[in-house]
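What follows is a single structure, written as structure tokens, with notes after it.
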Amino acid sequence: MGAVEIKPGIFWVGAVDWAVRDFHGYITPHGTSYNNYLILDKHVTLVDTVKHDFQEYTIDNIKGIVDPAKIENVVINHIENDHMTSIDRIMELAPQATIYISDRGKKGLDRFYDTSTWNIKIVKTGQTLNTGSKTITFLETPMLHWPDSMMSYVQEDKLLMSQDAFGQHLASSARFDDEFCDQYSVTALEHAVRDYYANILMPFGTLVKNKIAEIKKLGLQIDMIAPDHGVIWRRDPGKILQMYLDMANDKADLRVVIVYDTMWHSTEHMTIPIMEGVKAAGVDVDVIKLRSTPMSVAIKRVWESRAMLVGTPTLNNIMFPSVAEFLTHLRGLRPKNRLAAAFGSYGWGGGAVKEAYEAFKKIGLEVVEPGIEVLYRPSADDDKKCFEFGKQFAARTIEFHAKFNGDLPRKC
Ligand code: FEO
């Protein structure tokens, strides 16, 4: 795709990755884009680069506007590989350019490249770069997404270049939110935002809230938000800010998601009466079999739901491996204000349900104890117990949900 002017003199010069389906373990069924931006001004400035494999795409896009040798400034908002691994190629083409980067970014950059011959200026929040007719103000955003991260705000255009924050993993010919919604739907965009937040930014909700508050306190007027992935928010950037605030405030749907795996279908069988019990109590319910579902899909569904029931058979006295993997993954993402309980079948000693509760407590989930276990194969009596278990868990979910801030937003 060629360059696209997003504001007078500011161009998207990135690349669309239509084919990527595994983004460091995160399933990306809709691909992604690596967005970077060129400011054509007295002092030509490039904000971010792209993933190494796509470096010639961005260079071609730049060449369509200006000779890359004329780039005087390169801003590196984030050093993760998908945004920074073309920097060596850019510096070959524009060796005189000065790199603007955070202190932690510089430390990371030095681990990837020999930077001894590069001009590098470390910047902090509030420092500015004048490109001629435009002023870029830097805003450090550590842990959104990495310790080095920062954003760049162009005052004259009220444009926030936000790197990972407010992004989505979407490959499309649309560069803007309104174009995407016209081609596909608001719902598709909303789900891409949630998917990205759940799998990437879930652990950093408090930081998200604080950073949005800081942006408001600084009095930054925002007319457009240009992230490093997916579409640019121009129709109503306030909406994506509000979506992020809602997600960071631990809103969730009043819903129970049953996440399970099974050896010989006994634990799987238990999901049916449990699901019926949840539904009978008036709570929506989903069922996810882990071996049939990509991890990032399960994570998103769990994060969207106020409560989770985990089903695991006992294998060699411990949890089934796919369930253990799922709970380990969830522990890293640190979901807050979610309710959990466990169930499963066993053959002789049991142990998986107990271990699931230990994992819940390490994650920081609220738990409903005890769980329910079935020997070998659920009987008709066990089915009744499972139904009651689901019904009572749903009742606790309704009470628990009432303590928080309601449902997730439905519109982007
Ligand atoms: Fe898109 Fe944290 O990289």
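The values are calculated or read from the model by the stated rules, or taken from the named source; none is laboratory data. None of the values given here were measured: they were computed from a predicted structure. Because the Cβ atoms are built from the backbone with ideal geometry, glycine has one as well, and the counts that use them run over all protein chains shown. SASA here: full protein model, heavy atoms, side chains in, ligands and nucleic acids out. Shrake-Rupley method; radii C 1.70, N 1.55, O 1.52, S 1.80 Å.
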- Message: Only bridges whose two residues both fall in the chain count here: according to DSSP, what percent of them are antiparallel, nearest 5?
- Response: 40 percent
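Ignoring ligands, DNA and RNA, what accessible area per residue does the chain give at 1.4 Å, in Å²?
So the chain comes to 41 Å² accessible per residue, rounded to a whole number.
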- Message: Relative contact order of the range 11-77, please, whole-number percent, based on alpha carbon pairs below 8 angstrom and at least 6 residues apart.
- Response: 31 percent
- Item | Estimated translational D of the range 88-215 in µm²/s (Stokes, Kirkwood radius over Cα pairs; 4 °C; 1.567 mPa s) | 77 µm²/s
- Links exceeding 29 Å between C-alpha atoms in this model, out of K51/K216; K279/K361; K289/K361, come to K51/K216
- Cα→Cβ-extended label distance, 7 Å offset, between V4 and I398, nm: 4.6 nm
- Among the DSSP beta bridges whose two residues both lie in the range 264-412, what percent are antiparallel, rounded to the nearest 5? 15 percent
- What are the ³J(HN,Hα) values, in whole Hz, obtained from phi via the Karplus relation 6.51 cos²θ - 1.76 cosθ + 1.60 with θ = phi - 60°, for each residue of the range 383-400 in sequence order, with x given for Gly and Pro? 4, 5, 5, 5, 4, 5, 4, x, 5, 5, 5, 5, 4, 5, 5, 4, 4, 5
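Compare the peptides 10-17, 101-108 by average per-residue count of other Cβ atoms within 10 angstrom and give them in order, highest first. Walk me through the numbers before you get to the answer.
Values: 10-17: 23.4, 101-108: 20.0.
Going by the mean number of other Cβ atoms within 10 Å, highest first, we get 10-17, 101-108.
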- Could you pull out every residue, at least 5 positions away or on a different chain, whose amide H is within less than 5 Å of the one on M319? Hs are placed 1.01 Å off N in the peptide plane, and Pro or chain starts have none. none
- Message: Counting only helical runs of four or more DSSP H residues, what would the 222 nm mean residue ellipticity of the chain come to if each run contributes -39,500 (n - 2.57) and the total is spread over all its residues?
- Response: -10500 deg cm²/dmol
- Message: Please list, by residue number, everything in the range 167-208 whose backbone N is under 12 Å from a paramagnetic label point 7 Å out along Cα→Cβ of D236.
- Response: 178, 186
- Amide H to amide H, which residues 5 or more places from I288 or on other chains are under 5 Å from it, using H placed in the peptide plane? I258, V259, Y260
- Task: Apply the Kirkwood formula to the chain: the hydrodynamic radius equals the inverse of the mean of 1/r over all pairs of different alpha-carbon atoms; give it in Å with one decimal.
- Result: 22.9 Å
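For the range 88-196, give the share of DSSP beta bridges that are antiparallel, in percent and rounded to the nearest 5; count only bridges with both residues there.
75 percent
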- Task: Quick one: pull the percent of accessible area on the range 108-219 belonging to carbon and sulfur, 1.4 Å probe, ligands and nucleic acids left out.
- Result: 50 percent
- Item | Förster radius 30 Å - calculated FRET efficiency between R111 and E325, Cβ distance, rounded to 0.05 | 0.55
- Message: Please list 3J(HN,Hα) in residue order for the range 68-80, calculated via the Karplus relation 6.51 cos²θ - 1.76 cosθ + 1.60 where θ = phi - 60°; whole Hz, with x for glycine and proline.
- Response: x, 4, 7, 5, 9, 10, 10, 8, 10, 7, 7, 9, 4
- Query: Which values, in whole Å and largest first, are the semi-axes of the equivalent ellipsoid of the range 1-110 obtained as the square root of 5 times each eigenvalue of the Cα gyration tensor?
  - Reply: 22, 18, 11
- Message: Taking θ = phi - 60°, what integer Hz values does the Karplus form 6.51 cos²θ - 1.76 cosθ + 1.60 yield along the range 256-269, in sequence order, with x for Gly and Pro?
- Response: 10, 10, 9, 10, 8, 9, 8, 9, 10, 6, 6, 4, 4, 4
- Measuring from label point to label point, each 7 Å out along Cα→Cβ, what is the D103 to D88 span in nm? 2.8 nm
- Query: With point charges of +1 on the Cβ of Lys and Arg and -1 on the Cβ of Asp and Glu, referenced to the Cα centre of the chain, which listed residue (V323, S173, H83) lies farthest in the positive direction of the dipole?
  - Reply: V323
- Top positive-direction residue, dipole computed over the chain with Cβ charges, set M161, Q392, G105: Q392
- Task: Could you grab the relative contact order for the chain? Cα pairs under 8 Å, six or more apart, rounded to a whole percent.
- Result: 13 percent
- Task: Please list I27, I318 in order of solvent-accessible area, largest first, computed with a 1.4 Å probe with all protein chains present.
- Result: I318, I27
- For N36, which sequence-distant residues (separation of 5 or more, or a different chain) have an amide H within less than 5 Å of its own amide H, given hydrogens modelled in the peptide plane? V13, G14, A15
- Message: Counting other C-beta atoms within 10 Å, and keeping those with at most 16, which DSSP coil chymotrypsin sites (Phe, Trp or Tyr not before Pro) do you find in the range 324-392?
- Response: W348, Y376
- Message: Report the gain in length on full extension from N210 to T187: 0.36 nm times residue separation, minus Cα-Cα distance, nm rounded to one decimal.
- Response: 5.6 nm
- Over the range 296-412, how many percent of alpha carbon pairs lie in each 10 Å bin up to the one with the longest distance? 13, 42, 34, 10, 1, 0
- Note on the structure: Kirkwood Rh over alpha-carbon pairs of the range 219-282 plugged into Stokes-Einstein at 25 °C, 0.890 mPa s gives a D in µm²/s of 154 µm²/s
- Message: I'd like the accessible area for M1: 1.4 Å probe, protein heavy atoms, all chains in place, Å² to the nearest 10.
- Response: 100 Å²
- Taking the chain as a Gaussian network, Cα atoms linked when under 10 Å apart, which of D67, D114, D48 shows the biggest mean-square fluctuation? D114
- Message: Restricted to Cα positions, what overall size does the range 188-314 have along the principal axes? Three whole-Å values, descending.
- Response: 58, 29, 25
- Can you pull the one-decimal nm distance between simple spin-label points at N316 and V66, each 7 Å off the Cα toward Cβ? 6.0 nm
- Message: Probe radius 1.4 Å, ligands and nucleic acids ignored: give me the carbon and sulfur share of the accessible area of the range 1-89 as a rounded percent.
- Response: 54 percent
- Segment I272-E388, extension gain: residue separation times 0.36 nm, minus the distance between their alpha carbons: 40.6 nm
